[in-house]
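Novice: Sharing a structure with you now.
Every number in this text was worked out from the coordinates using simple rules, so none of it is lab data. Because the structure is predicted, anything quoted here is derived from the model rather than measured. Here Cβ is always computed from backbone atoms with ideal geometry, including for glycine, and neighbour counts include all displayed protein chains.
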Amino acid sequence: MKPVIGIIMGSDSDLPVMSKAAEILDELEVGYELTIVSAHRTPDKLYNYAKSASGRGIKVIIAGAGGAAHLPGMVASMTVLPVVGVPVQTKALGGVDSLYSIVQMPPGIPVATVAINGALNAGLLAAKIVAVGDECLSQRIYDYSKSLEAMVENKASKLEH
Ligand code: RP5
């Protein structure tokens with residue numbers, strides 16, 4: 001599948017969290033690319049990635065980072081593509097540091113920030129953005145939401161008996 005979503009993360013230590021974005025995109029049959037881009041350790045790669053993503057056919061970028069999590073905001077500053085930020089939980093401050101680093105963007109440079117470790121929702125949100133104008137993908141997202149509904153109803157019915 002042609003990648004339409006870019007998943008980037010600051011470190012391979014973010015992968016256990018960020019793989020949840022990849023998993024939901026696999027389930028929804030949305031093409032994505034995945035790599036490590038560090039705002040601090042690989043600044044040239046950050047610049048090149050952000051500047052080239054749109055031209056390579058990427059429609060949405062999901063960027064996850066922890067601690068001094070500058071990756072999503074810096075990427076957003078260098079592309080017209082929508083950026084979804086994932087604050088990764090940290091040992092020292094529990095991920096509140098990551099959340100605050102990502103969510104408080106200055107006016108003009110938005111990052112759609114999900115919950116701490118909320119990579120699944122980041123994947124789903126990115127898929128919903130790509131699904132605008134794609135009825136087949138919209139249907140798969142709808143089917144996914146119905147499967148959640150069925151799962152909850154199933155649990156409820158077990159409790160009720
Ligand atoms: C951030 O620093 C990364 O996104 C990661 O969450 C955190 C720690 O990185 P490592 O020291 O594990 O590589 O840049």
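Novice: Taking the range 101-121, which residues are within 14 Å of the ligand (Cβ to nearest atom) and either free of Cβ contacts under 8 Å to residues at least 12 places away in the same chain or within 11 Å of the chain's Cα centre (by Cα) (or both)?
Specialist: Across the range 101-121, the qualifying residues are ASN117, ALA119.
Novice: Residue check: is ALA68 within 14 Å of LYS20 (Cα to Cα), without any contact (Cβ under 8 Å) to a residue 60 or more places away in the chain, within 16 Å of the ligand (Cβ to nearest atom) and surrounded by fewer than 16 Cβ atoms within 10 Å (Cβ to Cβ)?
Specialist: Considered against the rule, which asks whether it is within 14 Å of LYS20 (Cα to Cα), without any contact (Cβ under 8 Å) to a residue 60 or more places away in the chain, within 16 Å of the ligand (Cβ to nearest atom) and surrounded by fewer than 16 Cβ atoms within 10 Å (Cβ to Cβ), ALA68 comes out as no.
Novice: If you scan the range 1-50, which residues turn out to be basic (Lys, Arg), more than 11 Å from the ligand (Cβ to nearest atom) and without any contact (Cβ under 8 Å) to a residue 40 or more places away in the chain?
Specialist: Residue satisfying the conditions is LYS45 alone.
Yes/no per residue for (1) under 30 Å from GLN139 (Cβ atoms); (2) small (Gly, Ala, Ser):
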residue: MET1; (1), (2): yes, no
residue: MET18; (1), (2): yes, no
residue: GLU29; (1), (2): yes, no
residue: LYS45; (1), (2): no, no
residue: SER54; (1), (2): yes, yes
residue: ILE58; (1), (2): yes, no
residue: GLY66; (1), (2): no, yes
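Novice: Still on this structure, please answer the following. Given the criteria among the charged types (D, E, K, R), buried (at least 22 other Cβ atoms within 10 Å of the Cβ) and closer than 22 Å to ILE116 by Cα, does ASP14 qualify?
Specialist: Details: among the charged types (D, E, K, R): yes; buried (at least 22 other Cβ atoms within 10 Å of the Cβ): yes; closer than 22 Å to ILE116 by Cα: yes.
Against the criterion (among the charged types (D, E, K, R), buried (at least 22 other Cβ atoms within 10 Å of the Cβ) and closer than 22 Å to ILE116 by Cα), ASP14 qualifies.
Novice: Now for a different question. Please work out if SER54 is in contact (Cβ under 8 Å) with a residue 12 or more places away in the chain and within 9 Å of the ligand (Cβ to nearest atom).
Specialist: For SER54, the condition - in contact (Cβ under 8 Å) with a residue 12 or more places away in the chain and within 9 Å of the ligand (Cβ to nearest atom) - is not met.
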